[in-house]
Amino acid sequence: MSRDDRNTPTGNTWEREVDDDGEFVRKPTTFRSRIRADGSSEFRPGAGRYHLYVSYACPWAHRTLIFRTLKGLGDVITFDVVDPFLPSAGWTFEKTVSGATGDSVHGFNLLRDVYAHTCPDFEGVITVPVLYDRKKEAIVNNESADIIRMFNSEFDAVAGRPGLDLYPTDLRDRIDGLNDWIYPEINNGVYRSGFARKQRAYGKAVRTLFAALDRAEDVLARTRFLCGDRLTEADIRLFTTLVRFDAVYYTHFKCNIRRIVDYPNLWGFTRDIYQLPGVAETVNMEHIKRHYFESHRHINPFGIVPEGPMLDLEAPHGRGD
């Protein structure tokens, strides 16, 4: 079956998350259990017990892969990657593109099957990332913001880099304050621009987006990272949007007031994060571009994937060691 045959846009998530004003309104995630090292949860940390289902294309799932890498959890938490194309049936475990792994836990064909295995009557949105418990054969959590916090602190007994704290106590108020505007105005702002169904909704979203990018550029003009000289969760959350921006959001989502390469500090920051040990391996630009341009047929009817832009993420970033 061809990709064209498998795609029915009206069945996809973005078609069901637009309000009467034409604005994109993201639905909340469903599974919100927590892994606790102190034993206060039924889910306890341990090597080999938990498994991630991700898409390389998805910026929310990308966060979890970066945290897994930076915290040294590569030998602790396994992962599978869905096919970058998103048909009406939802994410699939087809292996038609290099890097898509299939489902190594159950051998399922669809991510929907993982949800049904946990909750047979589940009727919510099928999203990535998914943190799955092999022992209980159940989804623990499908909210990236929760998953990265768990990876940051709850697996330190088995992590390769337990001393790295990306949500330190003394910076939590500052990080939370950054997240309060970066998430709605930048991370989700590109989607609110791209999935808008009315001119007014698009205009409102894209103006808010670029005001926030200007604000982030100003912050990064003064310090290497968003909270000074220390890498934090806020940096990773911003990075996963920035690294996709010029390749996808600028054209596909009509976020074309400026490119990230036009912002000296944001572009240097993007390269800085990309060049951290292990991060480049989590960035799969083929999956990113094929997902957006092939899947969103209501935006790009023929599914043509552009060749460019040619971005040199390995160029010196000039933002310190």
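Just so you know, all these numbers are worked out from the coordinates, no wet-lab data involved. Here the structure is a predicted model, which is why all the values come from computation and not from measurement. For neighbour counting, all protein chains shown are included, and Cβ atoms are generated from backbone atoms with ideal geometry for every residue, glycine included.
Setting aside same-chain residues fewer than 8 positions from LYS27, which lysines have a Cα under 27 Å from its Cα?
Candidates past the 8-residue exclusion: LYS136, LYS198, LYS204, LYS254, LYS289.
Assuming R0 = 22 Å, what is the FRET efficiency of ARG222 and ARG34, from their Cβ-Cβ distance, to the nearest 0.05?
0.05
About the Cα centre of segment 3-153, what is the dipole size in debye to 20, counting +1 per Lys and Arg Cβ and -1 per Asp and Glu Cβ, all else neutral?
840 debye
Which value, to two decimals, describes the C-alpha radius of gyration of segment 3-153 once divided by 2.2 N^0.38 Å?
Normalised Rg, Cα atoms only: 1.05.
If eta is 1.567 mPa s and T is 4 °C, what Stokes-Einstein diffusion coefficient results for segment 188-237, Kirkwood Rh from Cα pairs, in µm²/s? All intermediate terms of the calculation are to be shown ahead of the outcome.
Values: Rh = 12.1 Å.
In µm²/s, the coefficient rounds to 107.
Nearest 20 debye, what's the magnitude of the dipole of the chain about its Cα centre given +1 on Lys and Arg Cβ and -1 on Asp and Glu Cβ? Let's see the in-between values first.
Values: 42 positive and 46 negative charges, 59 e Å.
Dipole magnitude for the chain comes out near 280 debye.
Mind giving me the nanometre distance, one decimal, between the label points for GLU281 and ASN256, set 7 Å out from Cα along Cα→Cβ?
3.8 nm
Return the ratio Rg/(2.2 N^0.38 Å) for segment 169-276, where Rg is computed over Cα atoms only. Mind dumping the intermediate values first?
On the way: Rg = 13.5 Å, N = 108, 2.2 N^0.38 = 13.0 Å.
Taking N as the residue count of segment 169-276, the ratio is 1.04.
Give the value in nm², to one decimal: projected area of the alpha carbon convex hull of segment 223-321, averaged over all directions.
Its Cα hull, projected and averaged over all orientations, spans 6.6 nm².
Once you place label points 7 Å from the Cα toward the Cβ at VAL18 and ARG319, how far apart are they in nm?
That separation, rounded to one decimal, is 3.4 nm.
Restricting to DSSP H runs of at least four residues, report the calculated mean residue ellipticity at 222 nm for the chain, -39500 (n - 2.57) per run over all residues, nearest 500 deg cm²/dmol.
Rounded to the nearest 500, it is -10500 deg cm²/dmol.
Explain nothing, just the number: relative contact order of segment 251-321, from Cα pairs under 8 Å at least 6 residues apart, as a whole percent. Intermediate values should be presented prior to the final figure.
Details: 41 pairs, mean separation 27.3, N = 71.
Reported relative contact order: 38 percent.
Please quote Rg/Rh for the chain to two decimal places, taking the Kirkwood radius as Rh and restricting both calculations to Cα atoms.
Across the chain, the Cα-based Rg/Rh ratio is 0.94.
How do HIS51, HIS287 line up, fewest other C-beta atoms within 10 Å first?
HIS51, HIS287
Could you give the dipole magnitude of segment 241-319 about its Cα centre, charging the beta-carbon of Lys and Arg +1 and that of Asp and Glu -1, in debye to the nearest 20?
Approximately 320 debye in magnitude.
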